[in-house]
Amino acid sequence: MPATPIDSIAVELLTLAEAAKVLRISRVTMYGLLRTRALDSLTIGRRRFITREQINRFCILRTQTSLPPGAERREAPVAPGQEGGGR
């Protein structure tokens, strides 16, 4: 069966609670991200949803902008006697 145009635009919608759980943040933080437009939401009726793509885009953007310009990522310092990573 050939794909219809609607099949190509299907997206995964998450409730705000589900999106907060994916991001491991509180509901209050989620509403803050929406208020500052760090995340966009989609309203259907009285319910708000966030697409999986929007969450992925948010994470990529935050990862790319979390360091000041010119800064390099560094490994966390290892405490003396903890070298080797064994338990």
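Count Lys and Arg as plus one, Asp and Glu as minus one, and take only other residues whose Cβ is under 14 Å from that of VAL22; the net charge is then +3. Put simply, the amide H of LEU39, placed in the peptide plane, has neighbours under 5 Å in LEU34, leaving out anything fewer than 5 places away on its chain.
FYI, it's all coordinate maths here, none of it is from the lab. Being a predicted model, the structure only gives us computed values, none of them experimental. No Cβ is skipped: glycine too gets one built from the backbone with ideal geometry, and neighbour counts run over all protein chains shown.
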